[in-house]
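J.: The structure under discussion is supplied below as structure tokens; questions concerning it will follow.
The values are calculated or read from the model by the stated rules, or taken from the named source; none is laboratory data. Please read all numbers here as calculations on a predicted model, not as lab measurements. FYI the Cβ positions are ideal-geometry reconstructions off the backbone, even for glycines, and counts take in every protein chain you see.
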Amino acid sequence: MRRIFGFLIGIFVGWLVGSALALLLAPASGEKLRTDLRSRSSGFVGEIKTAAGTRRKQLEDQLAALRAPRTTEKSA
């Protein structure tokens, strides 16, 4: 869990640094660039939410399977 959290922090920091550099070095106008960045960031956030929802469902299914009572019969 700690590795995943660290990875997500790294992605977020990379996204912030990349956005700042893009704003400073981009040849496009400021307004057009901000519009493009907003649309890309909302797409990125949507992808993260979808991936998190999928992973959450997988983990909930695994937890339910672990919590389910085992029905094993002993042979006499």
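J.: Are any residues in segment 43-74 modelled with pLDDT of 90 or more and of a type in the set (D, E), and if so, which ones? Spell out how you get there, then give the answer.
T.: From segment 43-74, those modelled with pLDDT of 90 or more are 47-67; that's our starting set.
If the condition is that a residue be modelled with pLDDT of 90 or more and of a type in the set (D, E), then E47, E60, D61 are the ones that fit.
J.: Let me ask something else. Among the residues of segment 1-32, how many are under 30 Å from L59 (Cβ atoms) and outside any helix (DSSP H, G or I)?
T.: Number of matching residues: 1.
J.: Tell me, yes or no, whether segment 33-41 has at least one residue that is touching a residue at least 12 places away in the same chain (Cβ under 8 Å), surrounded by 11 or more Cβ atoms within 10 Å (Cβ to Cβ), more than 11 Å from the chain's Cα centre (by Cα) and part of a helix (DSSP H, G or I).
T.: First pass over segment 33-41, keeping only residues touching a residue at least 12 places away in the same chain (Cβ under 8 Å): 37, 41.
Okay, now just the ones that are also surrounded by 11 or more Cβ atoms within 10 Å (Cβ to Cβ), so 37, 41.
Narrowing further to those that are more than 11 Å from the chain's Cα centre (by Cα): 37, 41.
In the following step, the residues that additionally are part of a helix (DSSP H, G or I) were identified as 37, 41.
Yes, segment 33-41 contains a residue that is touching a residue at least 12 places away in the same chain (Cβ under 8 Å), surrounded by 11 or more Cβ atoms within 10 Å (Cβ to Cβ), more than 11 Å from the chain's Cα centre (by Cα) and part of a helix (DSSP H, G or I).
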